[in-house]
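One structure is given here, and the rest of the page talks about it.
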2 protein chains.
Amino acid sequence: MKFFKVKTVSESLSIIADQFRPLRPPVQLPIADACGMVLAEDIVSGEQVPHFSRSTVDGFAVRARDTYGASDSLPGFLDITGRIEMGKAPEQLLKEGQAQAIPTGGMLPEGADSVVMIEHVEEIDDLLNVYRQVAPGENVIRAGDDVQQGELVMTAGHRLRPQDLGVLSAIGRTEVRVFPRPIVGILSTGDEVVPTDKKQLAPGEVRDINSVTVGATAQQYGAKVIQGGIVRDDYETFAARARQLFEEVDFLILSGGSSVGTRDFTVQVMQALGEPGVLIHGVATKPGKPTILAKANGKPVMGLPGHPVSALIMFRLFALPLLDKLQGLRPCETDTRLSAKISRNVPSAVGRTDYIRVKLEERADGLWAVPVFGKSGLISTLVESEGIVEIGQNKEGIIEGEAVKVYMLS
Amino acid sequence: MKFFKVKTVSESLSIIADQFRPLRPPVQLPIADACGMVLAEDIVSGEQVPHFSRSTVDGFAVRARDTYGASDSLPGFLDITGRIEMGKAPEQLLKEGQAQAIPTGGMLPEGADSVVMIEHVEEIDDLLNVYRQVAPGENVIRAGDDVQQGELVMTAGHRLRPQDLGVLSAIGRTEVRVFPRPIVGILSTGDEVVPTDKKQLAPGEVRDINSVTVGATAQQYGAKVIQGGIVRDDYETFAARARQLFEEVDFLILSGGSSVGTRDFTVQVMQALGEPGVLIHGVATKPGKPTILAKANGKPVMGLPGHPVSALIMFRLFALPLLDKLQGLRPCETDTRLSAKISRNVPSAVGRTDYIRVKLEERADGLWAVPVFGKSGLISTLVESEGIVEIGQNKEGIIEGEAVKVYMLS
C-alpha cells in the first residue's frame, strides 16, 4: 500500500479550483428551463426597458413648467384633452396648458414630461385644478431608465435565479446559452453492500446508503445522476464497471467499501482511468480522511469513504464546488454561512480540520449551534443535524459561546 | 372602492399560519422521488441499525477480558481461529483465548465483544500477540446502536433532505407517505401586459415578467406551476378565467395589472371564488402594499402587485410560508437569515415594514449588506441584489454599521 501525503482542506479546494472546468459545450435553452443553470454568455440588452416612458402613479400627464407655482391656495388650471388607455399609445400630443388622464403604467404622451398624482388635482368637467407643482421627470420612469439598449445586463458565469429570468424576459430574451447540467455517476463498492430495496438483510450485509444521499444531494444541486449500482471487491469487475460508467458521465463518484482491499482497489481503478490520475489521496479532516480525488482526461473522479456521515460531509465539502466548476460558475467571494455560538466545548487536534454536526437553537441572545454527537457510523444523527460547523486545522477546539459559522445541511 | 385596514407583516403571517393546511391527501412515493417533500407519517423503524454488531476498525475480534493487562512489555497471546469476510456471517463462535481477523464493517462473531486494532497486535502464524487491552464494546458498533427496532426516527411535518432519505434507506424503507407538491396557478392581468415571447413591443406594452419570476420561484420551492396566461381588464373575462384556473390548482396567484380598474376587479374576483373571501387587503410594507390574500373553500388566492420587484418580494414573504402550510411543514423556530452589517443609513417610516435589496460584500471585519437602490419599477436592480433586508415597522430606519439579517434571494 502506497502512502500519499494527506492534503489540507484549503489545498484540496485550491486543486479543485485550478484543475477543473466545463467539459461540454454550452446549450441553448428556453429561459423557463434554465433556472439554476450557469450562463455561458454575456447578456447585452437588445432593447430598452421600459420600452416607453411610463407613469408610476394614477394621475395626469402634464408639462412640469405648466404646474410651477401651483399650490392649495393658488391652483393651476389645465385643459383635459384626453384619457390614456393602458397598453396603448396616446392618441394625441400634449401641448402647453394641457393635461391627459393617465393610469399607473400608462404611456406618457409626447410633449408631457411628468405626472401630477390624482390626489393633488381636482377635475371639473374638462378643466383640471392642479394643487401641487411637479418637476420634470416626476412620477415617470423614462424609456431606458431601467435598462439601456446595448447595456451589459449579466455576465457569463452567473447562476440564473428566478429574478434573473425576469430580467431576461424584460429585455425580450426567450432563450439563453447555459452550461449543461453535469452528469454524475455513482458506483458503490464492497462485498457487504446490498441494494437499498433488499427487504431482509442477511447477517453482515448493509444497504447502499451513500448512493441515496449522494445522489439526492447531487440532484438537489442541479446535476443529473446515473446510479451505477454496486460492485463486488474484485479488481477486474470493479475496474470494468468504473470504466464503463466513467465514459457516460462528467463526474464519477466511487463510494468506497470500508475494507482495506477495496480502498486499494479504488486508487488503482482511479489511476487507470486516465491522466494525470490521483491528485488528492487523503485529506486532513475528521471525518472523511480517506477521501480521494483524481482527474482523468479532464473529468473528476472522487472516492468517498464508506461511512454515510463521512461520505455526505466530504461530498458537500468537495464535490459541490467541483460541480460548480464543471458548470463554469464564477467563484463566490462572500461567506454565506450562518453565524451562531457553539453551545459547548468541542476539542479538536491541530493539523486537522474537524466537521461536527449541529442542530440550531434560537435563544434570547441569538442563534446557538448545539453539537449532535454519535459514533461516526451513526446515520440517525443526521436526522437531528441541521448544519455542519468547521473547526479549523490550527485550532485545538472551540470553546462554549465561541462564534462559529454553520454550513446548512438543507 | 371599499377600504380595508392594512395588516402588518406579523398579522399577515399569523393569518397564513392559522388559516391554511394541506388540502390533498398524502401520497405514497419511492424515496428517491420524495426529496424536498414533507413527511405525512411518523417513521418508526421496523428493524435495528446496524443489523448486526460491526467492527469500526481493521483488527481482531476478541473477548475483552482476554486482553486485560496486555501491554507492549507484557503482551497477551490468543489463538487465531478464523478470518471474517465482509458481508458474511462468521463461520464459527469465538471462545475464550481466541481471536478472529475482522475488517472494518465486518460482523462480530458470537462470543466476541470487542476488536483490537491491527496496529496493536502482531500475527505470528496462528498466534496473535496483543499489545493493548480493550474494553467490552471497544471498536464495535453493536446491533441497534444506531436505530432500535420500534424507534421513532422522524415525525410527520419534516421536510425530507438527502440525509433523511439515507436514514430511511438504512431502516429498509423504500417508499414513504408525503404531502403532494402543491399546484400553483398564475394568472396575469392588465391591458398593457403581453406574453414574454412577444418580440416587438407596441408602444404602451410590457412583457409579463411576474409569471416568469413567480413561476420559477414556486418551482424552485417544490410546487408545480400552471401558467394561466394573461387576461384583459374586463371583469367577466377575468372572473371566468380565474374561476377555471382556481378549480385546477391548490393556490391561485393573480398578478395584478397596476391600474385602478384592475385592482378593483382583483378583489371582486377573489371574493367571488368562495368563502370566507378576502382576509388581507393591503399590508403595511414598502414595497408591496397592495398585496391581497383571500381564502376560498380552503384554498389560498393571492393578489400580487404588478411591479416585478414588489411582486417577487411579496411572493417570497407570504407565498412561500403559504406553500409550507399547504405541504404540512412543521413551523421552523430558528431564524436562518444571514447576519451582516448595513453599509449606509437607510431611512424608513414607523408603522411600515420596509424591504430593501442588498448585495453582500466580504470585508476584513465580516459580511456587509450594501443597499441596491433604484425606483421600485426597476427590475435590473434584481440582478445585482443577493438578498433582502427588513426594516421593522417600529424603526425609523437603520444606521450605517447596524447589524441586520439578510434573507437570501437565491
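What to note about this one:
- Cβ-defined net charge surrounding residue B:18, 12 Å radius [Lys, Arg +1; Asp, Glu -1]: +2
- Using θ = phi - 60° and Karplus 6.51 cos²θ - 1.76 cosθ + 1.60, couplings along the range B:302-310 (whole Hz; Gly, Pro as x): 10, x, 9, x, x, 4, x, 5, 4
- Reducing the range A:314-374 and the range A:98-127 to their Cα centroids gives an inter-centroid distance of 56 Å.
- Summarised in one figure, the compactness ratio Rg/Rh of the range A:338-408, Cα atoms and Kirkwood Rh, is 0.95.
- Electrostatic bookkeeping for residue B:282 treats Lys and Arg as +1 and Asp and Glu as -1; over the other residues with beta carbon under 10 Å from its beta carbon, the sum is +3.
- 10 Å-binned pair-distance histogram of chain A (Cα, whole percent): 4, 18, 20, 17, 12, 10, 10, 7, 3, 0
- Here the contact order of chain A, divided by its residue count and restricted to Cα pairs under 8 Å and six or more residues apart, works out to 17 percent.
- Placing R0 at 51 angstrom, the Cβ-Cβ distance between residue B:237 and residue B:174 gives a FRET efficiency of 0.60 after rounding to 0.05.
- Approximate shape of the range A:157-229 as ellipsoid semi-axes (Cα gyration tensor, √5λ), whole Å, largest first: 41, 11, 8
- The slack between residue B:361 and residue B:93, meaning 0.36 nm per residue of separation minus the straight C-alpha distance, is 90.1 nm.
- For the range B:292-395: rounded, prolate or oblate by the Cα gyration tensor [a/c cutoff 1.5]: prolate
- 3J(HN,Hα) along the range A:244-254, derived from phi through the Karplus expression 6.51 cos²θ - 1.76 cosθ + 1.60 where θ = phi - 60°, amounts to 4, 5, 3, 5, 8, 10, 9, 7, 9, 10, 10 Hz, with x in place of Gly and Pro.
- Computed about the Cα centre, the dipole magnitude for the range A:54-141 is approximately 300 debye when only Lys and Arg (+1) and Asp and Glu (-1) carry charge, each at its Cβ.
- More than 51 Å apart - percent of Cα-Cα pairs taken over the protein assembly as shown: 26
- The simple spin-label model puts a point 7 Å past each Cα toward its Cβ; for residue A:350 and residue B:28 those points are separated by 5.9 nm.
- Modelled FRET efficiency - R0 56 Å, residue A:399 with residue A:202, Cβ distances, 0.05 increments: 0.75
Taken together, the values in this text are just the output of simple stated rules run on the coordinates, not laboratory data. Keep in mind that what you see is a predicted model, and the values were worked out from it rather than measured. All Cβ positions, glycine included, derive from the backbone under ideal geometry; neighbour counts span all protein chains shown.
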